[in-house]
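The next block holds one structure in the form of structure tokens; read it before the comments.
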Amino acid sequence: MKYLIQNLLKTIPVFILISLIVFVLVRVTGDPVSLLLPETATDAERESLRESLGFNDPLYMQYLHYMSDVVRGDFGESLRYNTDALAIILERLPATLELAIASMIVAILIAIPLGILSAMKRNTFLDLFITGGAVLGKAMPSFWLGIMLILLLSVVFQIFPVSGRDSLMHLVLPAITLGTGIAAEMTRLIRSSMLEILGQDFVRTARSKGLREAVVVNIHAFRNALIPVVTIMALQTSTLIGGTLITETVFAWPGMGQLLVQAVNLRDMAVVQAATFLIAFFVILSNLLADLLYRLLDPRIKYN
Amino acid sequence: MKKSFMTVLIILALVLSACSSKSGTSSETKGEPVENSDSKTLIVANGTDMVTFDIHDHNTTSSEAIHVNMFNYLVRNTPDGLVSDLAESFETVDELTWSFKLKEGVTFHNGDPLTAEDVKFTLDRVAKDDTLLEHGNYKQIKEVVVKSDLEFDIITENPEPAFLNRLSRLGSSILPKNYIETEGWEVFLESPVGTGPYKFKEWKKDDRVVLVKNDNYFGDAPKWDEVIFRSIPEDSTRVSELLTGGVDIAVNIPPTDIERIESTDGVGIVKSPTQRVMMLGARTKGDGPTADPRIREAIDLAIDKQAIVDSLLDGAGTVTRTRVTPGNVGANESLYGVSLYDQDRARELIAEAGYADGLTLKMQSPNGRYLKDKESAELMVAMLAEVGITVELELLEWSTFATRYAEKSFNDLFFIAYGNSMFDASLALDRLKKENAAGETDYDNPETESLLVAAEKNMNPEERVQQYQQAQELIAEDRPQIYLYQLDSIYGINERINFTPRLDEMFYVDEITLK
Amino acid sequence: MNVVIEEKVTSNPNPVTKRMKKQAFRLLKSKTGMLGIIIVFFVTLMAVFAPVLAPFDPAKTNVVSRLLPPFWMEGGTTEYLLGTDNLGRDILSRIIYGSRISLMVGIAAVIVAGAIGMILGLIAGYYGKIFDFIIMRTVDSILAIPTILFMLIVLAVLGPSIPTLILVLGGTSWVTYARMVRSETLSVKERDYVRSAKAIGAKDFRIITKYILPNVISSFIVIATLNVATIIILEASLSFLGLGIQPPDVSWGLMLSDGRQYIATSWWVATFPGLAITITVLGVIFLGDWLRDELDPKMKD
């Protein structure tokens, strides 16, 4: 419990820093006014809009103002949609979570069997093929993979729908696109963690007792290899959410990622800031959870 | 590894298909991907999401293209001119007063009848609230005077010859006063109510806007049961949706995909001119070379506009020497469809201007804002190099470009296109008035200026058109803006429908019919 | 660990040569490591000698010969071996020149990231206390924001240019180095010989350079190598979002992203830069993995 509280307290300065980083980044030079108005607007029109949006105050005043609102749960209004920024983001959250979870499942389905297989068949051609494949998966930009999947599986073979979010079928291609990069990383890590465990004493003991190798692997090694996987999953949260920016744009998936890309392009500061906060919150939370889970799964680690 | 298998497979499939087919063009479009259906649901794929239902607080054409189905203007712009919409009749009382009478029996989607109070509420709001993005286009309205339930006068600050054009565009849809005042703007923005042929059903942001037919519409009965406007930002995804029958209309088809779509059964391409004329803004004052009119002429002569249209846009554009293109009041058609290209003369002019050894210019271009903007800019740079003009091209992502543009911090040339939802020369030439041109092109020709100022307030339509046409002649010679070509919009359509795109890029869905 | 110790103990007059020989031998044995070296070598060669190797000026447009296919297909010519793009530019020449910027951005960003990460990691680990707290909370903050989002915001604000790109890539990647350097420093600091050095009054600078740096450097090189691969991919993703390398400069990511419009009609425009990225990243990762096995026994399987 003390450990938990300690970690929670640590997140406070992190949040303040994040707010500062994002605030400075977003406000320092970007001028949303020229984006809101058409090419034909006059200087007077620009100036009056700037004034009415409060962009003429000194920067630190804008920050203090902003933070005092944030503490009260008010992330400001979206310039693009003219409504509460947080509400807009929360509206998209289910779509992004759905995609993220599906991608994680895809990644796990690919990575666990392949990781174990390549560890067991270490240094064979199969191992080389799997590790080579994992590297290839990492080496392919996801927008490219997504467009290829659409062309091949939607346009030519017409198995899956192209884009949007209507049914489970719509989820398949985006989830494969996003899951692939994660799977690549995961496969490599599972392989090495399996190898480590296969070399440990208790596995050797189990083998010497005469149990069949498959059983050894299943019961002992796999359970232990799973522990680092949990951590990996948590550490991938950030990568996963980052990946939604691109995947959602390619597949017109109405989630937070696409929203963010548009918000950045239109300098919709309130949305960018609120979303960044929310994402940071998720990432930190998932890391904390992973930490706890790690401790639960592995009885050797004790709370300090 | 499954996904790497797939990767390998895809690469293989692509390479193989490319090797086996002659040009690779038809390899992706085998079979008959498109189902012909007579579904009464129309699906349109836009490149961006609608921004808001606050019709006064946005200026995006693609949002207005959706709104026109839910709301009505007082008068409506059609290819045959202005026709009445909500207004039964209208007349000018004097230079500053317009008198209107509304149609009887028009109701909003919530059942409230339309009255002159609604008109006053709508126009007063945008005319008085300077925080609204459309305020600049409506501040000319002094006040709206309600005379009876259906009759009202609009009084303008100055004579407004193009006033009806103003009232038939973005921001002039009539809103339900009673509904908004009792329920509040929040509620209106969540579930908007208008007078149009389609009612609001839902808006999933960055995904779709769904409208359903309004059985109580005062005009012709709506033709579709349901209309869906989807938002698909990635071009290739939008094309794929069209090819697989997922959408009926897809906007902004990349020119390179035209051939592929046309060779696929069941889908086709339709094009329409737009209001956007690509141009090079040039600084006409200062120390830079473009201050010399001969250099500006040389730049004009050095660029083969037709080649850009043919090669980069696959013909989806029309060369022009004016910005006021046909369909706009005051268009000078003798300057439309023509362009100058004579590189030898350009070299002579450059030599005459004293730059026989060549000169260097700076040019800014947006990247990703207009159809093939980056490629066009790169090609122009290559063409200018042929006559000895070295151009340092700076390609800017749109928001940076827009900021720099607003700061007026461009150097010699900048590549841009303006919209014009007024369909009138006044807005098209507005930026060349001395006051607005300062710091941008610095254009200052007293003759042009006096024509523009006079025409702006001239209530005699014929004389006004002449003034604008004359001004365009002068501008074409002075070249503060070097006009290049008018952009077409390219739509992919499912052949189950008939669709003629409009100059104003609106989707009046009842103009779209099933075959 | 045994590799290093073994060699310290042996009385070979020239341990370095022997170690190198040993490694060279293992390199030959490790097929992927060999492949990695070969790929990286060739790509580097390509980048260095781009003006000599490229048959055309990569920016030279030619409207007449637009979208020509590669030479083995009908309509292709041996003049343009890999075909031309939508402006009639030679794809082979663009790939050759593109290697320059792709590699330059990757390496420069790694240098920036490595330098920041090394310095801050050392400070955090060696001096601890408030320095450690501030630096590590900054690390946490940066890790909590997805890299691509962070970069998107910065580039949108500052405008995409090569220096900005390098600084941002470096400015977000340093955290990995900082964490590694910090934990290494923490563990080395507690070792007896460092403690005794400190006790007899050795200066901080000397302790850091003599005892800590040598322990950090091998992990450092491994991370740096793998980081180059990540950065090449990131640059491509940024190009997709419109904020990567801007023309007239050319990078593989930009070519791939621009070419995506032509995937269905003129596949070669995007496929070759895509292959260039994939192969290079593959090579760099193989090289990195091999380096890890060789230099950093702790990280070994």
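Filtering the stretch C:262-282 to residues that are within 10 Å of chain A (Cβ to nearest Cβ) and among the β-branched types (Val, Ile, Thr) leaves C:263, C:271, C:277, C:278, C:279, C:280, C:281. Residues considered: B:188, B:152. Of these, the only one that is farther than 27 Å from residue A:45 by Cα and in contact with a Phe, Trp or Tyr (Cβ under 7 Å, 6 or more places away or on another chain) is B:152. Residue A:100 satisfies every condition listed in (1) modelled with pLDDT under 90; (2) hydrophobic (A, V, I, L, M, F, W, C); (3) under 30 Å from residue A:176 (Cβ atoms) except (1).
For residue B:194, state whether it is buried (at least 24 other Cβ atoms within 10 Å of the Cβ) and either charged (D, E, K, R) or on the phi > 0 side of the Ramachandran plot (or both).
Values: buried (at least 24 other Cβ atoms within 10 Å of the Cβ): yes; either charged (D, E, K, R) or on the phi > 0 side of the Ramachandran plot (or both): no.
No: the conditions fail for residue B:194.
Residue by residue through the stretch C:237-250, note down the ones that are within 12 Å of chain A (Cβ to nearest Cβ) and either modelled with pLDDT of 85 or more or open to solvent by less than 10 Å² (accessible area, probe 1.4 Å) (or both). Passing the criteria: C:237, C:238, C:239, C:240, C:241, C:243, C:244.
The strands (runs of 3 or more DSSP E) located wholly in the stretch B:173-234 that include 1 or more residues which are among the polar types (S, T, N, Q) occupy B:226-231. Selection of the stretch B:47-85 for residues being out of contact with any Ser or Thr (no Cβ under 9 Å at 6 or more places or on another chain) and among the small types (Gly, Ala, Ser) yields B:65, B:81, B:84.
In the stretch B:263-272, is there at least one residue being away from chain A (no Cβ under 14 Å), open to solvent by 10 Å² or more (accessible area, probe 1.4 Å) and more than 26 Å from residue B:489 (Cα to Cα)? Full working, then the answer.
Kept after step one, since they are away from chain A (no Cβ under 14 Å), are these residues of the stretch B:263-272: B:268-272.
Remaining after also requiring open to solvent by 10 Å² or more (accessible area, probe 1.4 Å): B:269-271.
Okay, now just the ones that are also more than 26 Å from residue B:489 (Cα to Cα), so none.
Within the stretch B:263-272, not a single residue is away from chain A (no Cβ under 14 Å), open to solvent by 10 Å² or more (accessible area, probe 1.4 Å) and more than 26 Å from residue B:489 (Cα to Cα).
Of C:186, C:254, all but one fail to be crowded, with 24+ Cβ neighbours inside 10 Å and at pLDDT 80 or above; the exception is C:254.
Exactly one residue out of B:119, B:126 is part of a helix (DSSP H, G or I), modelled with pLDDT of 90 or more, within 14 Å of another protein chain (Cβ to nearest Cβ) and surrounded by 22 or more Cβ atoms within 10 Å (Cβ to Cβ), and it is B:126. Would the stretch B:54-62 turn up any residue that is within 14 Å of chain A (Cβ to nearest Cβ) and touching a Lys or Arg at 6+ places or on another chain (Cβ under 8 Å)? Yes, some residue in the stretch B:54-62 is within 14 Å of chain A (Cβ to nearest Cβ) and touching a Lys or Arg at 6+ places or on another chain (Cβ under 8 Å).
Among the residues of the stretch A:137-167, the ones that are of a type in the set (S, T, N, Q) and open to solvent by 10 Å² or more (accessible area, probe 1.4 Å) come to 3 in all.
Selection of helices (runs of 4 or more DSSP H) fully inside the stretch A:83-188 by the criterion of at least 1 residues being in contact (Cβ under 8 Å) with a residue 12 or more places away in the chain and more than 16 Å from residue A:247 (Cα to Cα) returns A:85-120, A:125-139.
When the stretch B:235-281 is filtered for residues that are assigned to a helix (DSSP H, G or I) and either on the phi > 0 side of the Ramachandran plot or small (Gly, Ala, Ser) (or both), the ones remaining, listed by number, are B:236, B:240. Residues in the stretch B:223-249 that are more than 9 Å from chain A (Cβ to nearest Cβ), charged (D, E, K, R) and within 24 Å of the chain's Cα centre (by Cα): B:235, B:248.
A quick yes/no check of all residues on (1) open to solvent by 20 Å² or more (accessible area, probe 1.4 Å); (2) of a type outside the set (D, E, K, R); (3) at pLDDT below 85:
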{"residue": "C:117", "(1), (2), (3)": "no, yes, no"}
{"residue": "C:126", "(1), (2), (3)": "no, yes, no"}
{"residue": "C:133", "(1), (2), (3)": "yes, yes, no"}
{"residue": "C:147", "(1), (2), (3)": "yes, yes, no"}
{"residue": "C:161", "(1), (2), (3)": "yes, yes, yes"}
{"residue": "C:166", "(1), (2), (3)": "yes, yes, no"}
{"residue": "C:169", "(1), (2), (3)": "no, yes, no"}
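When each of A:280, A:270, A:275 is tested for being more than 9 Å from chain C (Cβ to nearest Cβ), assigned to a helix (DSSP H, G or I) and not polar (S, T, N, Q), the lone residue that passes is A:270.
For the stretch C:131-204, the helices (runs of 4 or more DSSP H) that sit wholly inside it and include 2 or more residues that are touching a helix residue (DSSP H, G or I) at 6+ places or on another chain (Cβ under 7 Å) and free of Cβ contacts under 8 Å to residues at least 12 places away in the same chain are C:147-158. Across the stretch A:45-88, the qualifying residues are those that are in contact with a His (Cβ under 9 Å, 6 or more places away or on another chain) and more than 10 Å from chain B (Cβ to nearest Cβ), and the one among them that is most open to solvent (accessible area, probe 1.4 Å) is A:57. Candidates are the residues of the stretch C:76-98 that are open to solvent by less than 10 Å² (accessible area, probe 1.4 Å) and among the small types (Gly, Ala, Ser); the one that is farthest from residue C:265 (Cα to Cα) is C:98.
Does the stretch B:374-407 hold any residues that are within 14 Å of chain A (Cβ to nearest Cβ) and closer than 27 Å to residue B:358 by Cα, and which are they? Write out each step before concluding.
Just the residues of the stretch B:374-407 that are within 14 Å of chain A (Cβ to nearest Cβ), to begin with: B:396-407.
Correct list: B:396 only.
The values are calculated or read from the model by the stated rules, or taken from the named source; none is laboratory data. Predicted model, so just to flag it, every value in this text is computed and none were measured. Note that we place each Cβ from the backbone using ideal geometry, even for glycine, and neighbour counts take in every protein chain shown. Note: areas computed on protein heavy atoms with side chains; ligands, DNA, RNA excluded. Shrake-Rupley method; radii C 1.70, N 1.55, O 1.52, S 1.80 Å.
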